[in-house]
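S.K.: Questions regarding the structure given below will be posed in turn.
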Amino acid sequence: MTGFNLKVKPRDYQIEAAKWALSNKRSTIVMPTGSGKTLIAVLFSKELLEKKLANKVLVLEPTRILVEQTARYFEKTLGIKALSIHGRYPPEKRIELWRKAKVAAATPETALNDVKQVIQNNYDAIIVDECHHTTGKDAYAKFMKITEKVFKWRLGLSAHIPKSRRHEIERYIGKIRIWSWADERIRKYVPDWIGEIYEAELNDAEKQVLEGLEEARLEYTGKYRGLVNLAIRWFVRDGALALRESLEKETLLASILSHIKPMLENRKVRPLHKLDALKRVLNDHEGFNKAIIFVDRVIVAEYLGKKLMHYNPVIIVGKTRLGTDLREVLRRAHSSETRIVVSTSAGEEGIDLPEADLLIIWSNVASPLRFIQRHGRILRLTGKKGLKFVAYIATPDTPDMDSLLDALELARKNGVDVPIDEETLEALWRRTTRNRILSVLSGKPMPLEWISEITGMPRDLVEKAIKRLEDKGLVIYIYTFLGKTYALVDDLFILKENFEEYLTPDTSLAARIKPYVENKELRMVSGTYNQVITKLIRLLRRYGEFTRISASLQIPLETGALQQIMLHYTFRINNEEVLEAIIRNIYSASKYYRFITKTPWPSNNAEHYGES
């Protein structure tokens, strides 16, 4: 394995596993989550491609999040352009991608749909991540059966393979070898509990319901819009069953959404669209001792209780409902014979739920307090050995995914070490409704109010999402007659074309400019445009980036008076072209100062560093 030009240094057991896989041609590696199985896949692929043992490599991932994440990881560590291929691309685009890729990452559904392209383009090596799915009627299994004679190199990866699935996996992928959680070389890299994300996609009929709700939201303002937002949350977070229950009551919400009721009666609209994902969680962790499922709605808890009868579930829906049977219900919940407890918010505080080795979050909430209370069932220190898992079930491209991401980030800020890596969080962000902002802004600079109106997102959510994009250096803004005018950093040339007037500096003006790196104020630069631009570029080269810039200047008025202007650019600036545009915008203030609100010079406290 020597001579690999990798940007990540592999651990000894990863090299050992890759060598074993290559020597067997068809193999399955089982290692705990967090041990670095993806790097083993990289080592396996690089050896095959460098020595021309294989033409092309296909990596199967269960979700689009993991497809995109894996493609980026391969590119980052292997230095090869790995392409992600999924159903959102039209067929003609996928044909092109299958042809161009040396390493392709795809979901099994996409690979199954495009199996002719896989065969015609000579993919002869396959890596099956989360390969415990490769059984029964799953798309994984169907694809592997169809391509049984296509791939001469096969590598399966999983954190756990139940005994009931081992025969089938060894048949379609290869011999299984387990690197144990107890191995001291591995144990130090594996956290005490693992967070996993399961996507629960809406089908076409359910997407129509969501579109109907979103259209209704645009028709209302104030309290009425707030009610529609609640309905959207119930639908995407809890399921159609929960929304149907709410609309059956004689309420204001039911009256303004009366046209949604018939859509919910469509047979293709499932009562609980997350149920299939829940079954995947339970199947993936079939050896669990006790699982707790947290839901928000009683009707959902009761429905799940009926669907999970073979697990001998206990349903906890609150003290008032439990009444005098509370002690008996809790006794059953703690019993070793009970494998699943379904709990509403009652179980988050005030009721002593049992310890669990599998926690399933059905209803995602952004509250850090509730997040921490729920995780207490997993974080509780005991003498029991072995890994514990938290599975988050989320509906992608909806506010449900927003709530999950908010909860994870807020928990981290409140001291909970959530073992989900940054790349996964980044991929998650691309499955939130806030990602719409990137689509809306693409090629079309505009103010915040327009973004809010086009996306249908409340202004406060747009502001929060825009700030995140600014912090990551993806979005910038300049001041124009529209106020702050936002654009993708890649669309800077469009800003220059469409708003040239506001990027043409008045060389007679003088300004004081303060660049910052995080909370540290760098040297103030003062003078005319020609006097400051070279100094600021020099500072940028020295520090690599600015995290914000403040500027103060005086505009001469026709009356002879001077108008004091304060400008704040609170996004990440890491290239000279963006910096130059900002400085040009500062010295063009006489063209737009009438359209912006003046604010006092900000303090060094970042929390009080306000908008202009």
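The values are calculated or read from the model by the stated rules, or taken from the named source; none is laboratory data. In this text, all values refer to a predicted model and were calculated from it rather than measured experimentally. Cβ sites come from the backbone with ideal geometry, for glycine too, and all protein chains shown count toward neighbours.
S.K.: How many residues, within the range 217-245, are in contact with a Phe, Trp or Tyr (Cβ under 7 Å, 6 or more places away or on another chain) and either outside any helix (DSSP H, G or I) or modelled with pLDDT of 95 or more (or both)?
M.R.: The number of residues fulfilling the criteria is 3.
S.K.: Between residues in the range 75-91 that are closer than 16 Å to residue 118 by Cα and in the same structural domain as residue 45 (by TED's automatic domain parsing) and residues that are modelled with pLDDT of 85 or more and surrounded by fewer than 18 Cβ atoms within 10 Å (Cβ to Cβ), which pairs lie under 6 Å by C-beta distance while being six or more apart or on different chains?
M.R.: 82/75
S.K.: Here's something else I'd like to know. Tell me, which residue of the range 548-574 that is free of Cβ contacts under 8 Å to residues at least 60 places away in the same chain and assigned to a loop (DSSP other than H, G, I, E, B) is nearest to residue 472 (Cα to Cα)?
M.R.: Of everything passing the filter in the range 548-574, 557 is nearest to residue 472 (Cα to Cα).
S.K.: Can you tell me which residues in the range 116-155 are assigned to a helix (DSSP H, G or I), closer than 20 Å to residue 66 by Cβ and of a type outside the set (Gly, Ala, Ser)?
M.R.: Once the filter is applied, which keeps residues that are assigned to a helix (DSSP H, G or I), closer than 20 Å to residue 66 by Cβ and of a type outside the set (Gly, Ala, Ser), the range 116-155 yields 118, 131, 132, 133, 140, 142, 143, 144.
S.K.: Next up: Could you tell me whether residue 307 is crowded, with 20+ Cβ neighbours inside 10 Å, among the basic types (Lys, Arg) and touching a helix residue (DSSP H, G or I) at 6+ places or on another chain (Cβ under 9 Å)?
M.R.: Here the answer is no, as residue 307 does not meet what is asked.
S.K.: Something else about it: Sort out for me the helices (runs of 4 or more DSSP H) sitting completely within the range 292-378 that have 2 or more residues that are out of contact with any strand residue (DSSP E or B) (no Cβ under 7 Å at 6 or more places or on another chain) and at pLDDT below 85.
M.R.: In the range 292-378, the matching helices (runs of 4 or more DSSP H) lie at 319-322, 326-334.
S.K.: Does at least one position in the range 11-20 carry a residue that is closer than 15 Å to residue 174 by Cα and surrounded by fewer than 23 Cβ atoms within 10 Å (Cβ to Cβ)?
M.R.: The answer is yes; a qualifying residue exists.
S.K.: Taking the conditions exactly as written (out of contact with any Pro (no Cβ under 9 Å at 6 or more places or on another chain), of a type in the set (A, V, I, L, M, F, W, C) and assigned to a helix (DSSP H, G or I)), does residue 169 satisfy them or not?
M.R.: Yes; evaluated as a whole, the condition is true for this residue.
S.K.: Quick one: which of 280, 270 is over 25 Å from residue 161 (Cβ atoms) and assigned by TED's automatic domain parsing to the domain that holds residue 389?
M.R.: Just one listed residue meets the conditions, 270.
S.K.: Further, regarding this structure: Among the numbered criteria (1) within 22 Å of residue 133 (Cα to Cα); (2) modelled with pLDDT of 90 or more, which one does residue 15 miss?
M.R.: Tallying (1) within 22 Å of residue 133 (Cα to Cα); (2) modelled with pLDDT of 90 or more, residue 15 fails exactly one: (1).
S.K.: Of a type outside the set (Phe, Trp, Tyr), in the same structural domain as residue 201 (by TED's automatic domain parsing), under 20 Å from residue 419 (Cα atoms) and modelled with pLDDT under 70, is that true of residue 383?
M.R.: No.
S.K.: Is the range 210-228 home to any residue that is touching a residue at least 60 places away in the same chain (Cβ under 8 Å) and either under 21 Å from the mean Cα position of the chain (by Cα) or under 16 Å from residue 363 (Cβ atoms) (or both)?
M.R.: Yes: one or more hits.
S.K.: Residues that are at pLDDT below 90, surrounded by 18 or more Cβ atoms within 10 Å (Cβ to Cβ) and farther than 28 Å from residue 280 by Cβ: does the range 43-61 have at least one?
M.R.: no
S.K.: Looking at (1) surrounded by fewer than 16 Cβ atoms within 10 Å (Cβ to Cβ); (2) modelled with pLDDT under 90, which is the one condition that is false for residue 602?
M.R.: (1)
S.K.: Same structure again: Could you tell me whether any residue of the range 180-203 is of a type in the set (Phe, Trp, Tyr) and farther than 22 Å from residue 418 by Cα?
M.R.: So far as the range 180-203 goes, no, none of its residues is of a type in the set (Phe, Trp, Tyr) and farther than 22 Å from residue 418 by Cα.
S.K.: Further, regarding this structure: So, of the residues in the range 185-216 that are assigned to a loop (DSSP other than H, G, I, E, B) and modelled with pLDDT under 85, which turns out to be surrounded by the fewest Cβ atoms within 10 Å (Cβ to Cβ)?
M.R.: 188
S.K.: Can you tell me which residue is surrounded by the most Cβ atoms within 10 Å (Cβ to Cβ) among those in the range 281-291 that are outside any helix (DSSP H, G or I) and at pLDDT below 90?
M.R.: 285
S.K.: Any residue in the range 60-71 that is among the hydroxyl-bearing types (Ser, Thr, Tyr), assigned by TED's automatic domain parsing to the domain that holds residue 109 and under 21 Å from the mean Cα position of the chain (by Cα)?
M.R.: yes
S.K.: Of everything in the range 232-269 that's of a type in the set (Lys, Arg) and surrounded by 15 or more Cβ atoms within 10 Å (Cβ to Cβ), which residue is farthest from the chain's Cα centre (by Cα)?
M.R.: 244
S.K.: Please work out which residue is farthest from residue 56 (Cα to Cα), limiting yourself to the range 97-107 and to residues that are surrounded by 15 or more Cβ atoms within 10 Å (Cβ to Cβ) and of a type outside the set (A, V, I, L, M).
M.R.: Looking at residues that are surrounded by 15 or more Cβ atoms within 10 Å (Cβ to Cβ) and of a type outside the set (A, V, I, L, M), I get 107.
S.K.: Could you check the range 427-455 and list, in sequence order, the residues that are over 27 Å from residue 493 (Cα atoms) and not in a helix (DSSP H, G or I)?
M.R.: Within the range 427-455, 431, 432 meet the criteria.
S.K.: Among the listed residues 405, 428, 495, which satisfies the condition of being more than 18 Å from residue 572 (Cβ to Cβ), touching a residue at least 60 places away in the same chain (Cβ under 8 Å) and surrounded by 18 or more Cβ atoms within 10 Å (Cβ to Cβ)?
M.R.: After applying the criteria, what remains is 428.
S.K.: With respect to the numbered conditions (1) among the charged types (D, E, K, R); (2) over 15 Å from residue 128 (Cα atoms); (3) touching a strand residue (DSSP E or B) at 6+ places or on another chain (Cβ under 9 Å), which one is the sole condition not fulfilled by residue 76?
M.R.: Every condition holds for residue 76 apart from (3).
S.K.: Is there any pair with a first residue in the range 331-342 that is farther than 9 Å from residue 315 by Cα and a second that is of a type in the set (Phe, Trp, Tyr) whose Cβ atoms are under 7 Å apart and which are 6 or more apart or on different chains, and what are they?
M.R.: From residues that are farther than 9 Å from residue 315 by Cα, the pairs are 339/311.
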